[in-house]
1. Counting other Cβ atoms within 10 Å, keep those with at most 10, restrict to DSSP loop, and tell me which chymotrypsin sites (Phe, Trp or Tyr not before Pro) in the stretch 34-68 are left.
2. Suppose each label sits 7 Å from its Cα in the direction of the beta carbon; what would the E42-D167 distance come out to in nanometres?
Amino acid sequence: MRITSVLKVFGWASLMGCATGRIPNTDVPDTSVNRAVVSFCERYRHAVEGRDARTLLSITSPNYYEDSGTPRGDDDYGYDGLQRLVTAWADDLLEVRYEMRYRRVTVDPDRPERIFIDYTYSGSYTLRRPRALETNRRGTSMLTIDPVRDANTSSNQDEVWSRRVGDNRLEIERVGDDFRILSGM
């Protein structure tokens with residue numbers, strides 16, 4: 001009887017281990033929905049690294065809205081602003097490396113077609129034009145065509161190198177069998 005109890009415990013533990021499996025290289029539970037979401041986010045990440053403005057815009061909802069994470073309203077923009085930003089960004093970038101560590105995928109309980117992806121990113125990029133630099137109030141150089149504030153930057157005569165590590169959230173919506181980005185790019 002004692003051996004049976006031990007076997008039951010090991011049986012339940014192994015089932016729980018399967019139930020709590022994670023998608024490789026993420027903190028996200030391994031479910032079919034989460035795999036589809038992470039796969040979509042990888043399309044986004046590869047488009048960023050490939051400086052592919054066309055793909056980035058094609059996976060973005062026409063209802064896209066970005067508040068830039070600030071209380072000010074003068075730095076907010078919608079799909080049209082994103083289109084201008086991504087086009088200028090893609091034209092001025094020489095190279096990009098963008099890594100994402102997926103932390104959490106959450107479905108909005110009130111609107112199940114909306115999904116939130118929390119992740120940590122590391123982005124490094126080189127811009128062609130040093131005129132894209134501007135100095136903020138703290139004396140830190142900022143890229144005026146980049147929505148991310150306080151990036152570490154350096155420059156020479158022909159290019160500007162920048163690196164940023166931080167946490168972010170993408171909000172996406174399910175559209176048929178695919179997804180579109182609503183905010184967080």
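Throughout, read-outs are computed from the coordinates displayed, never taken from laboratory work. For clarity, every value in this text was computed on a predicted model and none was experimentally measured. Methodologically, a virtual Cβ is constructed for each residue, glycine included, from the backbone with ideal geometry; neighbour enumeration extends over all protein chains shown.
1. Numbers: sites: F40, Y44, Y64, Y65; in loops: Y64.
For chymotrypsin sites (Phe, Trp or Tyr not before Pro) across the stretch 34-68 that sit outside H, G, I, E and B with at most 10 neighbouring Cβ atoms in 10 Å, the list is empty.
2. 2.5 nm
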